[in-house]
Amino acid sequence: MPDGGTMVIEKKSGIYLCEGCGIADAIDVDALEALATGDLKTPHCKRHAAYCSAEGVAEIAADVKNGDVNQVLIAACSPRVMTDRFNFPGAQIIRANMREQVIWSHPPGEEDTNMLAADQLRIAVAQAGQFSPPEPHAEAEVAGALLLVVGGGVTGLTAALEAAHTGAEVILVEKTDTLGGWTRKWSRLLPERPPYRDPQPNDIADLIAAVEGDKAITVMTNTLVTSTAGGPGAFDVTLTQNGKNQSQSVGAIVVATGWRPYDPSLLEGLGYGASPDVVSDIEFEEILSSGEMKRKSNGDALNTVAFIISGDSDRMPYSSGLSDRIVIKQALQLLEAVPEAMIYVMHEDLRAHGMAEEFYRQAQEAGIIFQNGVVKSVGADLTITLEDRLIGEDVPMSGFDMVVLSTGMVPNSTNVDLEPAAKGADQLVDDVNPLAALLAAAKAGDGEEKAEEAPAPDTSEEADQDGANGEAAMPGGPILNLQYRQGPHLPVLANGYADSHFICFPYETRRTGIYTCGPVRRAMSVAEARQDAQGAVLKAFQAMRAADKAVSVHPRVGDLSYPEFGLDICTKCRRCTVECPFGAIDEMEDGYPVLNPTRCRRCGTCMGACPVRTINFKNYNISMITDMIKAVDVPDEFAEKPRILVFACENDAYPALDMAGINRHQLTPYVRILPVRCLGSVSATWVSTALESGYDGIMLLGCKSGDDYQCHFVKGSAIAQERMESVGATLESMMLEKERVRTEEVSIADSARVTALLNDYADEIKAIGYNPFKGF
Amino acid sequence: MTAALPETAENRYDLGFARWVRDNVEGGDKLSLCMQCGACSGSCPIGTQMDHGPRKIIAMIRAGMKDEVLSSNTLWNCTSCYRCTVRCPRGIPVTSIIQDLAAKAVEFGYADKKENALFAKSFWWSTSAFGRTDERLVTARYYFSLGFLEGIRRGLANLKIALGMVRTGRMHLGMPHKIKDIKGLTAILARAAEIEAEEANDEL
């Protein structure tokens, strides 16, 4: 039980048994009332036909107002619904899920169903016993709405302008001496408005002028961010302009460092360098801008030109649908300048998504020929050998005046102009792979071995490719140089994209209050980058506002609780500081952990990590779940009713179980489900408590882990799996079957699968037999 | 007159041919619209009798396979049923391309010894001379264009059928039937030739 040293208010619990939605028809509410007032010692127990009705809500509100109760235990529907109705300021709300996970997923009137309902009530009462209202952490200092935008390309410019329009002061930092980035070089842009058929004029100059004319934006060119400390609301950054340092406190940071072109000479066999007339798309853009449509070798006119799209990811890891749209744009521009030109586009798959289909069709109607096949080689005489799958033979095509190679955008998630940070390389590697932090943790204390394992910073592309496996570092130094225990870099995804999860949680990095947008996140066009900038700015505003109120950002939006460390028994094992998915916990000089509360996302991974159980939240802690586990009435083995404990992640698994009830999938009566914030917060002690309490099996239901993870806290489920593997070994040493503890990954849409999973597991546990510790 | 065919280098592939088709063949400017879906080949009732289906012919034009396209029997076995043209999702006049390629094949000597081409010539001779096809004369002209002895041989081989048709009134004896206004037809064809020549000159 955490002791925050705050005023202790006497707990006055009231149990409210709802009879609506068929609950009273399916289970014995009289028995529940007798249990509440009897064994559970809660004399204040009421019943109502529908507590969500105006009458029912008024009844509870009156009890709270009169001071009769300050803990409201509602045994009704899932805690995920009716949250707006069951919201009584001044009282803590505890919900027992009697509808979705009892009456809707179990047969009415049966003994097993009534036992389950009784256990749900016992669990809620146990939870209430260890539940204190969270209070805001005191340390938060807030800098106000000052936003730092890193990168002065089209993304950064848009972000700065959007933020200024939304009411923030902005500092826009650019590495070079001019604003506009790569976009300044483009002759024309991809179409972004109906009818999506023609390249449109480049209006970057207007955007630059708007930013330079905005009084709320301070533009700093020739500037690098050389140090970033603190957290959301009050990042302490050092900006270095022409060798001069300037300290600044900012509320949030938007990273829009963009991209750099893929090196075309790495495109094996495509002839780059063999002839001056083999050019990259970037170089061809210069030709288009100059208006001189001539061969580089001898100045002849461009009459027959081939564009090569190498969609083969082995050859070209950064090729994307964007590359294909750029080829279409350039081909159309060339045709406009040289109407008689014969233009071929050699492609494997043409990825013209969405409205780009119109653009593709425009190119075909204009006469550009799209030839499907794999380019095997490009000779010095510009002969392209195409493995034409539609003719079924290798076709040597000659007579081209120029060959244009489509390249791709490599994200600038590091600053390639800088030397790799001395401390950074290995720690960046650790963060490339969500599991790596665990490996590092396993090796902690063995400094020598760790140093050996840190790979030498490699030449760019090789390292980029390896990044997908999380084995090698990105080249270059850090962009923000974070003064975090987990290193100076922003963690990256496969291929070096700086992000957290580009579909589920766009813009979010694994460092709270720092948001990425534009091509540093994924390859995108100018129009897409502009939209992206808007999204990241809104995220930054959310972070600043949340810091202001001392509450959490996504996914536990508005959560006031935060982990509290009982340093008196802390062994300085550093697991919490290493495993925190968001780098929220630093180490003090004496080795004790110290929380940066505004960085914290409240997942509880530190709580699950702590071997001495001294990290706890006011409303979510080790003792609370322990009591909830023990609250369940586990029958002895002669009753022939096994008990299976399920820790269900509240983000996907628990909603999937609710959905199973809504769909009326029937669940085995033997499971007891406890929601957890993240599998990462599951402490190994809970597993041993459960086994000691006589449960026959334990299942952890969490989100997908790995490279394409869906864990809402990035690596919580991966960490849980790692921990449970070692639990499995312990079980075997105790002569228990390791099948008694299992981890499964489910998605929110898995309502049918999750039911089958639990029902099958119940059968398996029955086959294995009862827990020998039962009854001891 | 059509613009001269590009000189093919030693290899079978010449991009100049694709450009030539684009500029000189009816419907050739629609070549780039083809997305190689194969609806044309799938619809073709005599695709199995062709060296290459219409889809592949278009792919081969793009790859510059001049000799193989122009000497392919596809151009001659096409019955002009127009299913390919009707079904093409991209609105490519496949039949027109194939027919015009056949004409170009004749023009550039790719069809000198092709029976289909010889038959087509006989057919056209009768049609333009009488405004009708006279089975006797078309057949005779076609057989003898294969050579004198071959003409005799084929004529004899079909004699029994011919006599049977005369007996049942399916083939008449005497002068070939003509349409009423043969002068009008001749004028139309002369004007068409004039227009074609003008267009060819414009393109050059």
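The values are calculated or read from the model by the stated rules, or taken from the named source; none is laboratory data. If you're wondering where the values come from, they're calculated on a predicted model, not measured in any experiment. Don't worry about glycine lacking a Cβ; one is built from the backbone with ideal geometry, like all the others, and counts go over all protein chains shown.
Some observations on this one:
- On inspection, B:E150 fails the criterion of being touching a residue at least 40 places away in the same chain (Cβ under 8 Å) and in a helix (DSSP H, G or I).
- Per the conditions (1) in a loop (DSSP other than H, G, I, E, B); (2) surrounded by fewer than 19 Cβ atoms within 10 Å (Cβ to Cβ); (3) of a type in the set (A, V, I, L, M, F, W, C), the sole criterion not satisfied by A:C603 is (2).
- Residue in region B:68-106 that is surrounded by the fewest Cβ atoms within 10 Å (Cβ to Cβ), counting only those that are more than 14 Å from chain A (Cβ to nearest Cβ) and among the charged types (D, E, K, R): B:R87
- Test: residue in region A:311-326 that is assigned to a strand (DSSP E or B), of a type in the set (G, A, S) and within 16 Å of A:G373 (Cβ to Cβ): no
- Set side by side, the residues A:F647, A:F638 differ, and just one is at pLDDT below 95, under 30 Å from A:K766 (Cβ atoms) and of a type in the set (F, W, Y), which is A:F638.
- In the set (1) within 14 Å of chain B (Cβ to nearest Cβ); (2) closer than 22 Å to A:D263 by Cβ, the condition left unmet by A:M342 is number (2).
- Whichever residue in region A:346-377 is touching a helix residue (DSSP H, G or I) at 6+ places or on another chain (Cβ under 6 Å) and more than 10 Å from chain B (Cβ to nearest Cβ) and, among such residues, is surrounded by the fewest Cβ atoms within 10 Å (Cβ to Cβ): A:H353
- Residues of region A:206-237 satisfying the condition of being more than 30 Å from A:I585 (Cβ to Cβ), of a type in the set (A, V, I, L, M) and touching a residue at least 24 places away in the same chain (Cβ under 8 Å): A:L207, A:I208, A:A210, A:V211, A:A216, A:I217, A:V219, A:M220
- Within region B:158-176, residues that are assigned by TED's automatic domain parsing to the domain that holds B:Y142 reach partners that are among the β-branched types (V, I, T) and surrounded by 10 or more Cβ atoms within 10 Å (Cβ to Cβ) with beta carbons closer than 7 Å, at six or more positions or on different chains, in the pairs B:L173/B:V166.
- Test: A:S406 is modelled with pLDDT of 85 or more and touching a helix residue (DSSP H, G or I) at 6+ places or on another chain (Cβ under 6 Å): yes
- Condition check for B:C40: farther than 20 Å from A:F400 by Cβ and away from every other protein chain (no Cβ under 12 Å): yes
- The one condition from (1) touching a helix residue (DSSP H, G or I) at 6+ places or on another chain (Cβ under 7 Å); (2) farther than 30 Å from A:A164 by Cα that A:G231 does not meet is (2).
- Residue that is in contact with a strand residue (DSSP E or B) (Cβ under 9 Å, 6 or more places away or on another chain), in contact (Cβ under 8 Å) with a residue 40 or more places away in the chain, facing chain A (nearest Cβ under 9 Å) and closer than 23 Å to A:M397 by Cα, where the choices are B:R12, B:R22: B:R12
Residue-by-condition table, conditions (1) of a type outside the set (D, E, K, R); (2) at pLDDT 90 or above; (3) assigned by TED's automatic domain parsing to the domain that holds A:V754:
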residue: A:W686; (1), (2), (3): yes, yes, yes
residue: A:L701; (1), (2), (3): yes, yes, yes
residue: A:G706; (1), (2), (3): yes, no, yes
residue: A:H712; (1), (2), (3): yes, yes, yes
residue: A:K715; (1), (2), (3): no, no, yes
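- Qualifying residue in region A:47-57 (condition: assigned to a strand (DSSP E or B), more than 20 Å from A:K618 (Cα to Cα) and more than 37 Å from the chain's Cα centre (by Cα)): yes
- Single unsatisfied condition, A:I384 versus (1) within 13 Å of chain B (Cβ to nearest Cβ); (2) crowded, with 22+ Cβ neighbours inside 10 Å; (3) over 22 Å from A:R193 (Cα atoms); (4) in contact with a helix residue (DSSP H, G or I) (Cβ under 8 Å, 6 or more places away or on another chain): (4)
- Within region A:331-345, being of a type in the set (V, I, T) and surrounded by fewer than 23 Cβ atoms within 10 Å (Cβ to Cβ) holds for one residue alone: A:V338.
- Search result, residues across region A:152-199 that are in a helix (DSSP H, G or I), among the aliphatic types (A, V, I, L, M) and under 23 Å from A:N245 (Cβ atoms): A:A160
- All of A:S290, A:S319, A:S310 fail the test of being polar (S, T, N, Q) and either under 30 Å from A:S227 (Cα atoms) or surrounded by fewer than 23 Cβ atoms within 10 Å (Cβ to Cβ) (or both), apart from A:S290.
- Restricting attention to region A:94-112, the residues that are in a helix (DSSP H, G or I) and surrounded by fewer than 19 Cβ atoms within 10 Å (Cβ to Cβ) total 2.
- Matching option when the condition is part of a helix (DSSP H, G or I) and either modelled with pLDDT of 95 or more or not polar (S, T, N, Q) (or both), among B:K178, B:K113, B:K183: B:K183
The rows are residues; the columns are (1) touching a strand residue (DSSP E or B) at 6+ places or on another chain (Cβ under 6 Å); (2) modelled with pLDDT of 95 or more; (3) acidic (D, E).
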site: A:D206; (1), (2), (3): no, yes, yes
site: A:G213; (1), (2), (3): no, yes, no
site: A:A216; (1), (2), (3): yes, yes, no
site: A:T221; (1), (2), (3): no, yes, no
site: A:T228; (1), (2), (3): yes, yes, no
site: A:G231; (1), (2), (3): no, no, no
site: A:A234; (1), (2), (3): yes, no, no
site: A:L239; (1), (2), (3): yes, yes, no
site: A:N242; (1), (2), (3): no, no, no
